[in-house]
Structure formats: C-alpha cells, structure tokens
1. Out of 68, 30, which single residue is without any contact (Cβ under 8 Å) to a residue 40 or more places away in the chain, loosely packed, with under 10 Cβ neighbours inside 10 Å and in a loop (DSSP other than H, G, I, E, B)?
2. If I filter region 86-103 for residues that are within 38 Å of the chain's Cα centre (by Cα) and assigned to a helix (DSSP H, G or I), do I get at least one hit?
3. Of the residues 35, 75, 85, 45, which single one is touching a helix residue (DSSP H, G or I) at 6+ places or on another chain (Cβ under 8 Å), surrounded by 10 or more Cβ atoms within 10 Å (Cβ to Cβ), without any contact (Cβ under 8 Å) to a residue 24 or more places away in the chain and on the phi < 0 side of the Ramachandran plot?
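Read-outs: derived from the displayed coordinates by stated rules, not from any lab. This structure is a prediction, so every number in the text was calculated from the model and none was measured. Glycine gets a Cβ as well: all are built from the backbone with ideal geometry, and neighbour counts include every protein chain shown.
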C-alpha cells in the first residue's frame, strides 16, 4: 500500500479507510449526565452568589442604618434638639437671639396672617409677555 512520492522524498503510507471514524452510537447517558451536571453546577453557583450578595447587602444596611447610633451622634442630636427648644443670645452686642423653633413658627404665622411679606421687597405684578415682532415674519417665511 505504500507508494513512493518524489515531492516528499519518502514513501506515503495510506491508512485504512475505516480509521478515524467511530461508527458506534453516541453515549447519550453520559452526554445527558454532563449536561444535567453542568446546569446543576451553574444553578448552585448562581444561588451561592445571590446569597452572598444578599448577606453582604444586609450587613451593610444593618451597619449603616439599623445599628444603634454612636455616642457622638447621640451627643450631636441632643445638642441640636436643645438648640431648637431653648432661648439663647447669639450676639449680645447686636441683640441677636436664638428662639425655639415652635415660637419662631408661631411668630411667622402671625406675620403671614397680618399680611407682612416674608422677604424685603414690595409686591409687583408680573409684566405681560409681548410677542417678538422681528421673529414672527422670519418664522412665516420659513413655512
């Protein structure tokens, strides 16, 4: 079966035609087993990653939102609450006084009921908007 070929300088060996071709049926059980196993591994991996993410997320929420406030935060909130509920001189020379929030709201509502403006300025009526006469002919020409 060997033939000598001049281009190669050696004999070319011809193989049996049946070599390299598997005539048996595929092993479907093994293929299905591999497929099912791969899907299971994928599902378990996705589930594990989701559980891990949820745990990390819940831990972060607990730490940042639900955990007991620190003593420094309690001190700041206590000071702010005190500032909002007590009178105090801010500057005795200029007569600036801090008043409680409830009292400030009460005084503001009295001013509003009396018709006093809450900002320094006199009330004005808005001007009626005039159409731009130069732009109107140009728009008509484009049509």
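1. On the way: 30 fails: in a loop (DSSP other than H, G, I, E, B).
The conditions single out 68.
2. Within region 86-103, the first condition is being within 38 Å of the chain's Cα centre (by Cα), and the residues that meet it are 101-102.
From what's left, assigned to a helix (DSSP H, G or I): 101-102.
There is at least one residue in region 86-103 that is within 38 Å of the chain's Cα centre (by Cα) and assigned to a helix (DSSP H, G or I).
3. Values: 35 fails: touching a helix residue (DSSP H, G or I) at 6+ places or on another chain (Cβ under 8 Å); 75 fails: touching a helix residue (DSSP H, G or I) at 6+ places or on another chain (Cβ under 8 Å); 45 fails: touching a helix residue (DSSP H, G or I) at 6+ places or on another chain (Cβ under 8 Å).
Just a single option satisfies the conditions, and that option is 85.
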